[in-house]
Amino acid sequence: MKTNSKRKIIIVDDHLLFSQSLELLIKSFGDYEVIERFENGKVFIDFLEENNSNETDLVLLDVNMPVLDGLSTMQWLKDNKPNLKVIALSVNDDEEIIIKMITNGAKGYLLKDTSPEIFKEAIECVIEKGFYFTELVSGMLINKVNSDNKKICLKEKEIVFIKHACTEMTYKEIASEMCLSPKTIDGYRESLFDKLEIKTRIGLVLYAIKHKIVFV
């Protein structure tokens, strides 16, 4: 956690009552503060284009909104603010929507009836570790991997790299652990991304879970 500073969160949701209640819940956690609330993706994007978003630790993004919905907003963020961490919020557990949100860069997907305890755990994990998926969402994503990925032969060092990529280690730390140069590790990563037809570290994690390279 940052010292002497609360984590800064933005809420993008068109339901005023839910948005206000969510802000109060976040404040009750103590280590976080809501710095802005927006009613749709368009006004949120307008804000980002006019202001520096580097101080924002997390965005809570509603999937279903008027004017500009969560999916369209997420697609814009992927192209323009790829480092901004986002958790998608929805009443909808539609597998196709979940896959699209994750594919476009969302680091987590929570249903709006999620318990406060799980919600707190999710925001902590996304801010500190980079991603968070509930059992429901993980199951859907693994099923997607099951249907999309063909059996691929991996070298021993590629498997070791994937195992390390499923931890909190940075790529530089993985290079040190494997006694390889950071450049070589970058080569492993790009080669695996191409071989497995994935684009993110999350994709590596899902592949590892599906093929029992790691266990959850």
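The values are calculated or read from the model by the stated rules, or taken from the named source; none is laboratory data. Everything numeric here is computed off the predicted structure, so don't read it as measured data. Cβ sites come from the backbone with ideal geometry, for glycine too, and all protein chains shown count toward neighbours.
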Worksheet item: Here are some conditions: (1) crowded, with 21+ Cβ neighbours inside 10 Å; (2) in a helix (DSSP H, G or I). Ala88 meets all but one. Which one does it not meet?
Response: (2)
Worksheet, complete the sentence: Inside region 181-199, the number of residues satisfying the requirement of being free of Cβ contacts under 8 Å to residues at least 12 places away in the same chain and either under 17 Å from Leu154 (Cα atoms) or surrounded by 14 or more Cβ atoms within 10 Å (Cβ to Cβ) (or both) is 7
Worksheet item: Would you pick out the residues in region 1-20 that are surrounded by 11 or more Cβ atoms within 10 Å (Cβ to Cβ) and closer than 18 Å to Asn83 by Cβ?
Response: Arg7, Lys8, Ile9, Ile10, Val12
Worksheet entry | Yes/no for Glu168 being in a helix (DSSP H, G or I) and acidic (Asp, Glu) | no
Practice prompt. Could you please find all residues in region 21-41 being among the polar types (S, T, N, Q) and either surrounded by 14 or more Cβ atoms within 10 Å (Cβ to Cβ) or not assigned by TED's automatic domain parsing to the domain that holds Ser72 (or both)?
Written response: Asn40
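Hey, could you check region 91-122 for residues that are assigned to a helix (DSSP H, G or I) and at pLDDT 90 or above and say which is surrounded by the fewest Cβ atoms within 10 Å (Cβ to Cβ)? Before the answer, list the steps.
Here is the first cut: in region 91-122, the ones assigned to a helix (DSSP H, G or I) are 95-103, 116-122.
Then keep just the ones that are at pLDDT 90 or above; that gives 116-122.
Values: Pro116: 11, Glu117: 8, Ile118: 12, Phe119: 19, Lys120: 17, Glu121: 14, Ala122: 22.
Result: Glu117.
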Practice prompt. Select, from Asp79, Asp46, the only residue that is under 20 Å from Ile198 (Cβ atoms), exposed (fewer than 15 other Cβ atoms within 10 Å of the Cβ) and modelled with pLDDT of 90 or more.
Written response: Asp79
Worksheet item: Which members of region 23-33 meet the condition of being under 20 Å from Leu84 (Cβ atoms) and free of Cβ contacts under 8 Å to residues at least 40 places away in the same chain?
Response: Glu23, Asp31, Glu33
Response to the item:
Note on region 54-85: residues in contact (Cβ under 8 Å) with a residue 40 or more places away in the chain, under 14 Å from the mean Cα position of the chain (by Cα) and in a loop (DSSP other than H, G, I, E, B) are Asp57, Lys85
Discussion item. Which count do you get for residues in region 171-201 that are assigned to a loop (DSSP other than H, G, I, E, B) and either more than 27 Å from Ala106 (Cα to Cα) or over 19 Å from the mean Cα position of the chain (by Cα) (or both)?
Written reply: 4
